[in-house]
1. Within region 41-55, can you find the residues that are closer than 8 Å to residue 211 by Cβ and under 17 Å from the mean Cα position of the chain (by Cα)?
2. Under 6 Å between Cβ atoms, which residue pairs at least 6 apart in sequence (or on different chains) link something in region 57-69 that is surrounded by fewer than 20 Cβ atoms within 10 Å (Cβ to Cβ) with a partner that is modelled with pLDDT of 95 or more?
3. Identify, by number, the condition in (1) buried (at least 17 other Cβ atoms within 10 Å of the Cβ); (2) at pLDDT 95 or above that residue 216 doesn't meet.
4. Just one of (1) under 21 Å from residue 105 (Cα atoms); (2) surrounded by fewer than 20 Cβ atoms within 10 Å (Cβ to Cβ) trips up residue 49, so point out which.
5. Determine which member of the set 223, 228 is in a helix (DSSP H, G or I), surrounded by fewer than 18 Cβ atoms within 10 Å (Cβ to Cβ) and modelled with pLDDT of 95 or more.
6. Within region 29-39, can one find any residue that is in a helix (DSSP H, G or I) and modelled with pLDDT under 90?
7. Looking at region 142-158, can you tell me whether even one residue there is outside any helix (DSSP H, G or I) and either touching a helix residue (DSSP H, G or I) at 6+ places or on another chain (Cβ under 7 Å) or surrounded by 15 or more Cβ atoms within 10 Å (Cβ to Cβ) (or both)?
């Protein structure tokens, strides 16, 4: 089936493009300090996946980092829209009246739109509380929409996995289910904590926790697409 082949081929790029973009920004701002006209932007000695030394936006918004980050996210948004279109076609092929088909498509496309809006406004500074809230809502919307779309897609494939047995590796589908479940659990546990006022919670610095969570969570979300690439068999076309 052509749509399966397209979904497989595009999914690996949805993993590679944002992974390279955010880590290239991290590498630039921590190692190539001479490239930054404003030396206050540079960061020293951090691996934020573990120590939470900087947020993704902190590494991506200064010039020249945003020259990598913004095009990378715009391309990722485009690829996401194509990915959810292909998956809608795949679901229609196996079960054209499936109850989740529209939810998967709308949440998936909405996540891509939210990522685009977040990328556009990244680095634009306004000393306004409403603007700051708007940016946080957009970023949170991307995470929620993406997670909901992924959860519905996995649930849908499980509902007719017998029909997919010649097309997929069932163990990878199980890994996708585990990944999405972990992401949901982590979100439910973390949201009340990171929503607390201030940066101190039971003696822990929430600032570094939030930053590390942001990097690791984003990695978890795009790993879903790496698993998609591994799930579909090469013979499916």
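The values are calculated or read from the model by the stated rules, or taken from the named source; none is laboratory data. Being a predicted model, the structure only gives us computed values, none of them experimental. Note: ideal-geometry Cβ built from the backbone for every residue, glycine included; neighbour counts use all protein chains shown.
1. Of everything in region 41-55, those that are closer than 8 Å to residue 211 by Cβ and under 17 Å from the mean Cα position of the chain (by Cα) turn out to be 48, 55.
2. Filtered contacts from region 57-69: 68/21; 68/24; 68/25.
3. (1)
4. Answer for residue 49: the failing condition is (1).
5. Going through 223, 228 in turn, the sole match is 223.
6. Step one: list which residues in region 29-39 are in a helix (DSSP H, G or I), which gives 29-31, 33-35, 39.
Narrowing the set further to residues that are modelled with pLDDT under 90 leaves 39.
Scanning region 29-39 turns up at least one residue that is in a helix (DSSP H, G or I) and modelled with pLDDT under 90.
7. The answer is no, given that none of the residues of region 142-158 is outside any helix (DSSP H, G or I) and either touching a helix residue (DSSP H, G or I) at 6+ places or on another chain (Cβ under 7 Å) or surrounded by 15 or more Cβ atoms within 10 Å (Cβ to Cβ) (or both).
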